[in-house]
């Protein structure tokens with residue numbers, strides 16, 4: 001692709017328009033409708049691996065699909081049935097089973113015709129209907145936006161794929177044929193689809209080991225997203241092909257002769273690298289085409305694993321190997337099951353020559369991935385190694401789905417795992433774990449188990465204690481130390497790389513914040529109800545049901561959380577409860593009696609929300625005024641921001657109060673403070689060598705932790721100003737710190753800063 005865009009940008013770019021609109025059938029194609037006879041015979045000829053009874057069912061599925069799509073056309077003018085037939089033929093080339101072929105023929109009938117899932121169940125069975133449903137996109141009208149609809153469609157596809165990998169195999173065949181026939185679309189639509197294919201479908205094909213599909217999807221995406229660059233590079237390669245033909249033949253002849261002399265039976269072939277891979281190399285290494293020497297590679301196919309290593313020795317004796325360019329993917333396969341020996345040699349005239357050495361079985365897996373071993377079985381114990389690898393990855397998608405908040409968040413996490421340039425590390429017991437390159441120690445912990453990641457407190461890499469953000473390298477041995485009382489830190493989101501880790505951290509933080517918000521919301525509602533002489537604890541289920549119905553909340557907890565996050569005003573909710581009670585003559589028992597009400601109003605501290613610092617993320621302390629215990633404070637319920645604490649002197653708070661007075665609540669400090677608080681101070685000092693160190697030492701001696709320090713402009717030639725953010729327990733502690741600073745001879749003036 002021309003440029004590598006971040007995941008969020010790509011999602012915003014391609015999710016604006018649904019794939020259905022681009023690829024779905026129409027009665028008015030861009031080109032004139034074509035009259036042609038469509039036959040299933042070409043498909044049947046490719047199905048020699050299936051039983052006669054299976055072929056009969058497939059013919060029936062074709063007839064059903066043909067009738068359902070009658071009168072529908074592709075944008076090219078071809079009858080629409082040509083598309084599902086082509087998809088089925090691709091699946092037949094991969095030797096997929098009968099239900100997969102039938103699902104390919106029927107994959108659009110639910111979405112684009114009057115057919116229903118129940119109808120498919122009755123005619124073709126539950127399994128085929130389930131596959132077709134997994135391939136069917138959701139109606140975008142169910143959602144608020146195109147992006148939401150498309151993200152949900154992808155989520156649905158991934159979940160169907162996790163249940164049955166045949167779903168994605170048919171889907172990839174569908175996308176491959178659509179990409180092959182994309183020329184009938186408008187240029188902008190082609191680019192949008194190309195981006196989607198490069199960012200979602202090509203990586204999935206690679207992740208499942210379908211390298212032939214992966215390479216073709218990449219090249220097609222490159223062709224349609226950057227047509228000028230594609231055409232230019234294509235011409236350059238065609239010109240170079242003739243110039244380098246003699247050199248390639250010379251290398252082939254020399255390698256064949258050397259391998260033959262060693263007694264090895266090999267199949268040696270030259271292969272030209274794909275346009276996209278050449279372009280990516282030019283782009284990543286800032287090379288011109290003339291500087292890309294390794295346009296050609298060579299593949300050596302042998303009979304056994306032993307022969308792989310023997311052939312490697314022969315080639316290394318023929319040409320000198322380039323240091324650091326040997327990779328043994330036989331001993332340690334890639335994440336998608338790929339196995340080969342890779343080596344780069346210095347060929348004639350110093351030209352780098354890449355050789356891949358593998359067995360015939362390895363070659364099938366390298367080209368066809370999961371499809372190479374396709375023989376679908378219901379029992380997990382019967383799965384091949386390749387299918388097991390695919391199953392493990394797909395199961396990780398289920399784990400991400402379980403802890404993701406919505407479809408777009410899920411898609412974001414999954415996209416992270418779709419570019420797994422792998423690094424291989426070991427557990428203390430010697431088990432290999434494959435992780436995306438750049439993964440940290442913390443990613444490893446989450447890869448083992450989500451609970452281990454959440455409770456991770458320390459780690460050793462190769463026996464040395466290292467930070468959790470440490471990036472892992474091939475061969476590292478990682479040992480995790482956990483604590484059941486430990487919880488994820490929001491900072492972790494800044495350095496973890498895997499989708500599973502990010503999803504698990506976000507889920508834990510959201511759950512924790514949700515619980516804290518419920519508690520705060522109840523306290524805010526309690527305060528508001530006291531003003532109406534109503535006892536929150538005495539409200540019965542009937543009142544809550546009416547209130548939840550009125551607000552549209554799902555549960556009582558959701559309503560309280562909305563109050564805490566500022567989405568609902570507690571006073572308004574209290575007024576509604578008052579109205580509900582006024583309609584119910586028997587509600588007097590839920591109200592405070594006159595004595596209790598008088599006592600509540602007389603005790604201001606009982607009306608106000610008490611803050612002790614242990615509320616978590618549901619209560620925030622903005623940096624506009626840095627409130628600390630001892631300050632007179634107010635609480636502001638910003639929409640979606642939780643309860644913000646400000647000092648009464650805060651200018652920002654005063655502006656907010658004038659603009660939005662109904663969102664303010666009374667708050668007071670608890671006598672039992674649970675944490676330290678940030679506060680900003682300005683210190684004017686005599687400018688001199690080592691003054692910062694001396695001031696920092698004074699602050700430390702006063703038990704004040706320094707969170708941040710900046711140097712302001714020089715006041716004069718001999719004086720400078722420093723701004724510290726320090727952590728104190730309250731105003732008394734701050735006063736103690738400032739007294740200690742005034743005793744320092746370097747200090748000219750000290751003041752508290754009530755803003756940034």
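Tabulated results
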{"item": "Test: residue in segment 514-528 that is modelled with pLDDT of 85 or more and either closer than 30 Å to residue 579 by Cβ or not assigned by TED's automatic domain parsing to the domain that holds residue 206 (or both)", "result": "no"}
{"item": "Some residue of segment 626-639 being loosely packed, with under 15 Cβ neighbours inside 10 Å, modelled with pLDDT of 65 or more and touching a strand residue (DSSP E or B) at 6+ places or on another chain (Cβ under 9 Å)", "result": "yes"}
{"item": "Residue 198 in contact (Cβ under 8 Å) with a residue 12 or more places away in the chain, in the same structural domain as residue 357 (by TED's automatic domain parsing) and either closer than 29 Å to residue 167 by Cα or touching a helix residue (DSSP H, G or I) at 6+ places or on another chain (Cβ under 6 Å) (or both)", "result": "no"}
{"item": "Hey, residue 716 surrounded by 13 or more Cβ atoms within 10 Å (Cβ to Cβ) and modelled with pLDDT under 90 or not", "result": "no"}
{"item": "Residues being out of contact with any helix residue (DSSP H, G or I) (no Cβ under 9 Å at 6 or more places or on another chain) and either surrounded by 12 or more Cβ atoms within 10 Å (Cβ to Cβ) or within 11 Å of residue 726 (Cβ to Cβ) (or both) - total across segment 698-711", "result": "3"}
{"item": "Filter result for residue 459 (in contact with a strand residue (DSSP E or B) (Cβ under 9 Å, 6 or more places away or on another chain), under 18 Å from residue 433 (Cβ atoms) and not in a strand (DSSP E or B))", "result": "no"}
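The values are calculated or read from the model by the stated rules, or taken from the named source; none is laboratory data. Since this is a predicted model, take the numbers as computed values, not measurements. Reconstructed Cβ throughout: ideal geometry from the backbone, glycine too, with neighbour counts over all protein chains shown.
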